[in-house]
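The values are calculated or read from the model by the stated rules, or taken from the named source; none is laboratory data. Everything numeric in this text was worked out from a predicted model, so none of it was measured. Ideal geometry is used to build each Cβ from the backbone, glycine not excepted, and the neighbour counts take in all protein chains shown. Remember, those area values only see protein heavy atoms, side chains included, never the ligands or the DNA or RNA. Shrake-Rupley method; radii C 1.70, N 1.55, O 1.52, S 1.80 Å.
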Amino acid sequence: MHSESKVLRLLGSNPRESEIALMLKQIDVNRDGTVDFDEFAFAWHQREVDNLEAEIDVELKFAFDMLDSDQNGFLSVKELVDKLTKVAEKLTVQEANEFLRHMDQDFDGHISFEEFKRMPCWQVPDANDNELAEFES
């Protein structure tokens with residue numbers, strides 16, 4: 001058993017040798033045939049970020065479904081007014097319409113889950129952009 005297999009098994013994975021070879025090839029950013037600590041740490045960090053993003057999607061779907069009273073997969077002005085006047089500060093119909101206009105990216109008169117997920121308040125700056133550039137140079 002290779003040392004990579006042992007490490008991955010200690011970390012809770014049980015990949016086949018072919019999967020390990022593919023992972024190592026993907027992690028070896030500088031293509032020198034070995035995975036150094038920085039490459040491993042970056043890959044592990046990216047894996048954790050991906051897992052966190054998946055968890056956030058589940059939480060956002062739950063929040064969206066709470067607002068989507070009729071469960072049709074879209075948020076209307078009425079649903080926004082009904083829910084947001086009870087949960088948060090009073091939202092007027094005019095404010096709800098303004099919010100809808102701003103977030104309704106396909107101009108169909110309601111907010112889909114994909115549009116809801118793209119709201120600026122859910123976005124996290126991607127600190128990895130600078131780190132990736134360092135690895136690639």
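Rolling a 1.4 Å probe across all protein chains gives Ser69 an accessible area of roughly 70 Å². Using a Gaussian network model of the chain in which every pair of alpha carbons under 10 angstrom is joined by a spring, one finds that among Gly33, Gly12, Gly109 the greatest mean-square fluctuation is at Gly12. Ligands, DNA and RNA excluded, the heavy atoms of Ser112 present near 20 Å² of accessible surface to a 1.4 Å solvent probe. For Leu75, nonlocal amide neighbours, meaning residues 5 or more places apart or on other chains whose placed amide H falls under 5 Å from its own, are Ile111, Ser112.
Once a ≥ b ≥ c are taken as the square roots of the eigenvalues of the Cα gyration tensor of the range 1-56, is the result rounded (a/c under 1.5), prolate (a/b larger than b/c) or oblate (a/b not larger than b/c)? In terms of gyration-tensor shape, oblate. Considering only Leu52, Leu84, Leu22, the mean-square fluctuation computed in a Gaussian network model of the chain, springs between alpha carbons under 10 angstrom, is largest for Leu22. Couplings for the range 52-57, taken from phi via the Karplus curve 6.51 cos²θ - 1.76 cosθ + 1.60 with θ = phi - 60°, read 5, 4, 5, 5, 5, 4 Hz in order; Gly and Pro are left as x.
Once R0 is set to 30 Å, what does the formula 1/(1 + (r/R0)^6) return for the Cβ-Cβ distance between Thr92 and Glu114, expressed as a FRET efficiency to the nearest 0.05?
0.70
In the context of the full set of protein chains, the chain has a per residue accessible area of 73 Å² (1.4 Å probe). Of Glu17, Glu59, Glu48, the residue with the greatest mean-square motion in the GNM of the chain, using alpha carbon springs below 10 Å, is Glu17. The fraction of Cα-Cα pairs per 5 angstrom bin, counted from 0 for the range 67-123, comes to 4, 21, 29, 29, 15, 2 percent, rounded to whole percents.
On the chain, 58 percent of the accessible area sits on carbon and sulfur atoms, based on a 1.4 Å probe.
For Asp65 and Asp106, the difference between the fully extended length at 0.36 nm per residue and the C-alpha to C-alpha distance is 12.8 nm. The computed log10 I(q)/I(0) by the Debye sum over Cα atoms at q = 0.10, 0.13 Å⁻¹ for the structure shown corresponds, within (i) -0.30, -0.52; (ii) -0.62, -0.79; (iii) -0.56, -0.73, to (iii). Residue-wise HN-Hα couplings along the range 32-45, as the Karplus relation 6.51 cos²θ - 1.76 cosθ + 1.60 with θ = phi - 60° gives them from phi, are 9, x, 10, 10, 7, 4, 4, 5, 5, 4, 5, 5, 5, 4 Hz; Gly and Pro carry x. Past 30 Å, Cα to Cα: identify those pairs from Lys6/Lys61; Lys86/Lys117; Lys25/Lys61, in the order given. As for pairs spanning more than 30 Å Cα to Cα, those are Lys6/Lys61; Lys25/Lys61.
Go through Ser3, Asn72, Ile20 and say which Cα lies farthest out towards the positive end of the charge dipole of the chain; charges sit on Cβ, +1 for Lys and Arg, -1 for Asp and Glu. It is Asn72, whose Cα lies furthest towards the positive end. A crude spin-label estimate for the pair Glu17 and Asp82, with each label 7 Å from Cα along the Cβ direction, gives 6.1 nm.
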